[in-house]
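Engineer: Please see the structure below; I have some questions.
The values are calculated or read from the model by the stated rules, or taken from the named source; none is laboratory data. This one's a predicted model, so the numbers in the text were calculated from it and none came from an experiment. Please note: Cβ atoms are built from the backbone with ideal geometry, for glycine as well, and neighbour counts cover all protein chains shown.
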2 protein chains.
Amino acid sequence: MRLEEIGEFGFIRRVSGGCLIRPEGVERAIGDDAAAFAVPPGQLSLVTTDLLVERVHFLREATSPFNLGHKAMAVNLSDIAAMGGTPLEAFVSLAIPGNCPVEFLDGLYDGMKSLAARHGVNILGGDTTGSRVDLVLNVTIIGQVRKEEVLYRSGASPGDVICVTGTLGDSRAGLQFVLAGETSPDPALRPLLEAHLLPRPHLEEGRFLAESGGATAALDVSDGLSSDLTHLVEESGVGIRVYADRIPVSAPLRAYCAAQRQDPVRFALAGGEDYVLAVALRPDRARAVGAAFLERFGRPLYRIGEATAAGGLELVLPDGVAEAIRPSGWDHFGGREAP
Amino acid sequence: MRLEEIGEFGFIRRVSGGCLIRPEGVERAIGDDAAAFAVPPGQLSLVTTDLLVERVHFLREATSPFNLGHKAMAVNLSDIAAMGGTPLEAFVSLAIPGNCPVEFLDGLYDGMKSLAARHGVNILGGDTTGSRVDLVLNVTIIGQVRKEEVLYRSGASPGDVICVTGTLGDSRAGLQFVLAGETSPDPALRPLLEAHLLPRPHLEEGRFLAESGGATAALDVSDGLSSDLTHLVEESGVGIRVYADRIPVSAPLRAYCAAQRQDPVRFALAGGEDYVLAVALRPDRARAVGAAFLERFGRPLYRIGEATAAGGLELVLPDGVAEAIRPSGWDHFGGREAP
């Protein structure tokens, strides 16, 4: 079905079902000049926004609309997770080219609503308009966190223990499948594709760390571990030493890299879109927080290194040799990716 | 200068000066996973978002970047005005094609910052990324309003007096100049071009009406008066009768229409982007609110009609004949504009 058959307001009516899943405190959702909702006292508001552009971030013909909607929501939820927050309201702006069928947009909204509902997030509004060529999607999420618990990038001190909440590099390997047009790889390698297509925001992990009292700083690993840890270095004014053999790599990524004769640690350092959290822990609390994490989630909080007094990011190789590493993530304009 | 010479983070550093102009309550601005700020108790949060796409909403080669930035900010501020609210924080997402020079983006940010600063609004974050062809700009604004004062579209009752806070149709005439490539019309007609290029959000008027205690509903006139009053009809479940000879039309628009042998009332009804407010007032309060408005702003709150018990929107012509009018504003997908 073509969008002009139902018009702008018909489209808004069509997709707005299932958008308001937590009505408490919401005074106005879709349909007024602005959304209106109550914010409980004593909380900080958190806001994050992310723009996805066709032919830059995705190929419409090669992407399932559900997965695209899921990812657009997930990347923003991951930013709220990295602040230790709880996501509450989402706003979706869409610029839609004339050749994009309504059914694609239905799928896109299904993907967004499904992940939003799982985390109690309302879609409270947005904007829909036309586009000449490319589909463009901007999601803004508003969340909250107690001021005493918020996790910034700037709180790490020398001696803090650096951990990550999950394995790294899977999404990058999954991207290789997508780029090669491989939609059903060996079942043993399927988790890599899923890590790329349906990333899971670590919201429960972020809340756990915020409440633990032991976390001094956090951020999500979206551009690649080396790039994101460089943000932590810069914002906290510390150095960070990472041990290559402690970087957690999944069994499927090991198998994939063995077959491809590639180094999984390179995938983990330079690959982006992992959406796990990197966190700095006070050294006197690290052991207790790690044990409680294992108990709560049934998997470890991986200790990968420590913050140091000297600036910069260094990688200690298995033979004990340390080398300075430059950030090697994604720059949206330079297009550079590896050092 | 090309964007890839300074990179994504260089660009963010370059434009972030002057973004934080009201630091109270702001815990984190640009540079963390999300912005963090305090919300005073007892207030509703208001959120609005608007997406502008090159070749749909503007032509890059024919637009001053300052004016584009101004308009992107203004259309969102106008939505906050229509809720009776105070705007506080803005978030800007940009998708930038490789052929867009940094100087254009500087101008764009200057336009946004200038209007934001005038209304005490911080630019607290956003997202910047690449685009293949078109420049895309999404602005989200967060504001607040006391729950007792918020103005929805749904509060009007039969008998309420319908007013607008300014003249209508000027922006549409200004658009004609833009489409004709006329950048310096007759000085007497210049206000029409300015109404289109540099619309003024009626924030003070919105706050005044919200505090007046006499307003029952409001919205901003963005798609065209007939289209926007239809929203009021639908959301409030009333009819609205508008008197053609009471619709306020500026002297420049009268002069322009006389020369073009066109009907200024048609410009006022069908033209969009006026960004004045339409408001419903309790009949027993209308006179006092109008007098106070005149005293405060030095110009009238124009009474254009009343809400009725019968549904629909009707226009009473100068000879006393009433005719039903269909909405004739802009549909972003159908592209229809006039009935």
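Residue-wise test of (1) of a type in the set (Phe, Trp, Tyr); (2) in contact with a Lys or Arg (Cβ under 6 Å, 6 or more places away or on another chain).
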{"site": "A:Gly237", "(1), (2)": "no, no"}
{"site": "A:Tyr243", "(1), (2)": "yes, no"}
{"site": "A:Pro252", "(1), (2)": "no, no"}
{"site": "A:Cys257", "(1), (2)": "no, no"}
{"site": "A:Arg261", "(1), (2)": "no, no"}
{"site": "A:Val276", "(1), (2)": "no, no"}
{"site": "A:Leu301", "(1), (2)": "no, no"}
{"site": "A:Gly305", "(1), (2)": "no, yes"}
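Engineer: How many residues are without any contact (Cβ under 8 Å) to a residue 40 or more places away in the chain, part of a helix (DSSP H, G or I) and not charged (D, E, K, R) when one looks only at segment B:284-317?
Structural biologist: The number of residues fulfilling the criteria is 2.
Results for (1) over 27 Å from A:Asp127 (Cβ atoms); (2) aromatic (Phe, Trp, Tyr); (3) buried (at least 23 other Cβ atoms within 10 Å of the Cβ), shown as yes or no for each residue.
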residue	(1), (2), (3)
B:Arg200	no, no, no
B:Ser227	no, no, no
B:Ile240	no, no, yes
B:Ser250	yes, no, no
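Engineer: Mind listing whichever residues of segment B:156-168 are closer than 13 Å to B:Val233 by Cβ and part of a loop (DSSP other than H, G, I, E, B)?
Structural biologist: B:Ala156, B:Ser157, B:Pro158, B:Asp160, listed by residue number.
Engineer: Take segment A:81-96 and flag every residue that is in contact with a helix residue (DSSP H, G or I) (Cβ under 9 Å, 6 or more places away or on another chain) and under 25 Å from B:Ser131 (Cα atoms).
Structural biologist: Once the filter is applied, which keeps residues that are in contact with a helix residue (DSSP H, G or I) (Cβ under 9 Å, 6 or more places away or on another chain) and under 25 Å from B:Ser131 (Cα atoms), segment A:81-96 yields A:Ala90, A:Val92, A:Leu94, A:Ile96.
Engineer: Any chance segment B:91-108 includes a residue that's of a type outside the set (Ser, Thr, Tyr), closer than 21 Å to B:Gln144 by Cβ, crowded, with 24+ Cβ neighbours inside 10 Å and within 14 Å of chain A (Cβ to nearest Cβ)?
Structural biologist: yes
Engineer: Let me ask something else. Is it the case that segment B:34-53 has a residue that's over 28 Å from A:Thr86 (Cα atoms) and assigned to a helix (DSSP H, G or I)?
Structural biologist: Checked against the condition, which is being over 28 Å from A:Thr86 (Cα atoms) and assigned to a helix (DSSP H, G or I), segment B:34-53 yields no hits at all.
Engineer: Being of a type in the set (A, V, I, L, M) and facing another protein chain (nearest Cβ under 7 Å) is the filter here; which residues of segment B:40-67 pass it?
Structural biologist: Selection gives B:Leu44, B:Leu46, B:Val47, B:Leu51, B:Val53, B:Val56.
Engineer: Next question, about the same structure. Quick one: which of A:Ser222, A:Ser226, A:Ser212 is touching a helix residue (DSSP H, G or I) at 6+ places or on another chain (Cβ under 9 Å), at pLDDT below 95 and more than 14 Å from chain B (Cβ to nearest Cβ)?
Structural biologist: Checking each option against the conditions leaves just A:Ser226.
Engineer: Ok, one more. Could you tell me which of the residues B:Leu51, B:Leu44 is closer than 16 Å to B:Val139 by Cα and not basic (Lys, Arg)?
Structural biologist: Step by step, each of B:Leu51, B:Leu44 is checked, and only B:Leu51 is closer than 16 Å to B:Val139 by Cα and not basic (Lys, Arg).
Engineer: Can you tell me how many residues in segment B:116-155 are crowded, with 22+ Cβ neighbours inside 10 Å and assigned to a helix (DSSP H, G or I)?
Structural biologist: So the count comes out to 1.
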